[in-house]
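S.K.: This is the structure I want to talk about, given as structure tokens.
The values are calculated or read from the model by the stated rules, or taken from the named source; none is laboratory data. Please read all numbers here as calculations on a predicted model, not as lab measurements. Virtual Cβ from ideal backbone geometry, glycine too; neighbours counted across all protein chains shown.
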Amino acid sequence: MSGLRLAVVGVGHFGRHHARLAADLPGVDFVAAVDLVEDRAQAAVQGTRARALSDARELLGAVEAVVVAVPTADHLVVARPFLERGIHVLVEKPLAATLDEADAIVRLAAESRARLAVGQTERFNPAVQAALPILDAPRFIEVHRLSGFPERSLDIDVVFDVMIHDLDLLLAVDRTDVVSVDAIGVPVLTPRIDIANARLKFASGCIANITASRISRDRVRKVRFFQPDMYVSIDYGAQELEVWRLRPQPAGRPAIEGGPVGVTRDEPLRRELLDFVGAIRDGRPPLVPGEDGRRALALATRVAQAIGR
């Protein structure tokens, strides 16, 4: 397939990067950026042949795929007319504002046989992709995702804004059920939860401890996995991976071997779009299908409920 006609609906913080990358994506014809704010739509198409629009309905019949990057509360209403017509959709995370809405999006895609991808971008982080094949039996996982106060996504708790990235990764690493969730969260600068910590227990026995904050002075995005005879550390931001292994010796104490693992750096969002286009072209599921987005949202909802939200 060449010249897949693709548009981006919503070109705010994330959407403008989708538009920037779509304009140069091989095999893609970037046809339009849609936003209620005219200046944002115009800025997103500057230097391209794409149109700036204010009404997503103008895209119906003119595109084969869309990226939906509007506020979470509007994901279903924006995605619905495209999915009903079999137009492929990539929805930014979280998949929807509620599980009922997420179920509706997944159902619409299944009924029309449209490809549905969810923007869990960390799954496309080169360091994460290099680590996943060796993460087969983690017993303990420690996650810290800290950042400064944002000027976006303040309509949702930090759990749904940023922690959901790590919840999605945990579910990709350990496919067993989450049997218990303990969590605490505090609203600090907004009426929403701005900092949260969750402790999850999987049926496998794995324990995960996750901290997410959008009110930190420091920017930290790291996850560490501990499994028998192995320690794996990922720095999401730096796209760095370290792997250490315990090697038995014929005599004496075991040796500890390992260190940094070479990772080819790339923009995760670009990889995400390439996977979406590849799924459409090859007729295969995307790396993060709607069902995975729904699972991450369900777990985030359990964390929020444990906090008392």
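S.K.: Within segment 126-147, does at least one residue satisfy the condition of being over 30 Å from Pro260 (Cβ atoms), over 17 Å from the mean Cα position of the chain (by Cα) and among the basic types (Lys, Arg)?
M.R.: No; the residues of segment 126-147 include none that is over 30 Å from Pro260 (Cβ atoms), over 17 Å from the mean Cα position of the chain (by Cα) and among the basic types (Lys, Arg).
S.K.: Report yes if Arg221 is modelled with pLDDT under 95, assigned by TED's automatic domain parsing to the domain that holds Ile156 and over 19 Å from Arg295 (Cα atoms), otherwise no.
M.R.: Here the answer is no, as Arg221 does not meet what is asked.
S.K.: (1) more than 20 Å from Lys201 (Cβ to Cβ); (2) in a loop (DSSP other than H, G, I, E, B): which one isn't true of Pro138, the others all being true?
M.R.: (1)
S.K.: Further question: For segment 276-288, which positions are on the phi < 0 side of the Ramachandran plot and surrounded by fewer than 18 Cβ atoms within 10 Å (Cβ to Cβ)?
M.R.: Within segment 276-288, Gly278, Arg281, Asp282, Arg284, Pro285 meet the criteria.
S.K.: Let me ask another. Take the residues in segment 65-108 that are part of a helix (DSSP H, G or I) and either modelled with pLDDT under 95 or of a type in the set (Val, Ile, Thr) (or both), then tell me which one is surrounded by the most Cβ atoms within 10 Å (Cβ to Cβ).
M.R.: Taking the candidates together, the pick is Ile105.
S.K.: Separate question: Pairs only if they're at least six apart or on different chains, beta carbon under 7 angstrom, first in segment 19-36 and under 20 Å from Asp275 (Cβ atoms) and charged (D, E, K, R), second at pLDDT 95 or above and surrounded by fewer than 20 Cβ atoms within 10 Å (Cβ to Cβ); list them, first residue then second.
M.R.: Asp29/Arg5
S.K.: Scanning segment 137-163 for residues that are β-branched (Val, Ile, Thr) and closer than 21 Å to Arg217 by Cα, which turns out modelled with the highest pLDDT?
M.R.: Here the answer is Val143.
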